[in-house]
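Structure record follows, encoded as structure tokens.
The values are calculated or read from the model by the stated rules, or taken from the named source; none is laboratory data. None of these values were measured; they are calculated from a predicted model. Positions of Cβ are generated from backbone atoms using ideal geometry, with glycine treated the same way; all protein chains shown enter the neighbour counts.
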Amino acid sequence: MRNGFGFVVNTKARKKTARKAPVQSRSRATVDAILDGCVRILDQEGLVGATTSRIAEVSGVSVGSLYQYFENRDSILNALQDREFARTSEMLQGLLLTRKFESERELAYTVISSLLDLYRASPGLHRVLALEGLRVAPTDRVQAFDHKIVEILRAFLEMTSFQILRKNRHAAAFVIYHSVRATMLAAILEEPAGITDEVLVEELTDLVVTHLIGAPPSQGSAK
């Protein structure tokens, strides 16, 4: 089965979760150190360098401590996937619920650029999650995240004072979310020549604004 990224997901994969839930602050700090260490390796060395022993070394913990919380590397990747899911939904909700926007274009530009900033903060991590993490992730967890983001966008489109032309707000939210996300991940994976982050954000902003309100693309930046 293919998910919103366009990659095949193993629907029969056993969910690889942390062995011991971090309750105490010290345990939580250890888990965070392991996750952050894995991110540094993925960004600098790629997946090939992310062995459990190397992750433990970079994280400043013993291999034994690592295995107290994680069964293997896949379980660490799954924990990172969950953390990125949470960061994405928190970022989106924060923008839509607390920020005031002067125009539809400013709104679209801000959300899209913020999402790209999140991806670009750890490009190696997101390359691996797009290709490797989703291969072992249970489909229901990925779909639950997709549904949550679409619902956040749908609710915003229903309540906004902007003049949205799309009558089916759920369909509009679905199309916008999957179009933007798939395009961003393709850019991260392929790194196409001549398409800078600024160009990518402007093109996606034009796409979203034109779809929602039918306005012709603006030649100026929304910043």
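The residues of the range 181-207 that are touching a residue at least 12 places away in the same chain (Cβ under 8 Å) and either β-branched (Val, Ile, Thr) or not in a helix (DSSP H, G or I) (or both), listed by number, are Thr183, Ile188, Val201, Thr205.
Matching residues to (1) buried (at least 20 other Cβ atoms within 10 Å of the Cβ); (2) over 23 Å from Ile213 (Cα atoms); (3) in the same structural domain as Arg87 (by TED's automatic domain parsing):
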site	(1), (2), (3)
Ala108	yes, no, yes
Arg127	yes, yes, yes
Arg135	no, yes, yes
Arg141	no, yes, yes
Ile149	yes, no, yes
Leu165	no, no, yes
Arg169	no, no, yes
Phe174	no, no, yes
Ser179	no, no, yes
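Of the residues screened, His178 is one that is touching a Gly at 6+ places or on another chain (Cβ under 6 Å), in contact (Cβ under 8 Å) with a residue 12 or more places away in the chain, closer than 25 Å to Leu200 by Cα and assigned to a helix (DSSP H, G or I). Only one entry in Glu84, Glu57 is surrounded by 15 or more Cβ atoms within 10 Å (Cβ to Cβ) and over 24 Å from the mean Cα position of the chain (by Cα), namely Glu57.
Might you let me know whether the range 158-169 holds any residue that is touching a Gly at 6+ places or on another chain (Cβ under 6 Å) and assigned to a loop (DSSP other than H, G, I, E, B)? Yes, the range 158-169 has at least one match.
Among the residues of the range 17-26, is there at least one that is part of a helix (DSSP H, G or I) and modelled with pLDDT of 90 or more? Scanning the range 17-26 turns up no residue that is part of a helix (DSSP H, G or I) and modelled with pLDDT of 90 or more. Filtering the range 32-55 to residues that are of a type in the set (Lys, Arg) and closer than 16 Å to Arg83 by Cα leaves only Arg40. Scan the range 60-76 for residues that are part of a helix (DSSP H, G or I), free of Cβ contacts under 8 Å to residues at least 60 places away in the same chain and of a type outside the set (Val, Ile, Thr) and the total you get is 8.
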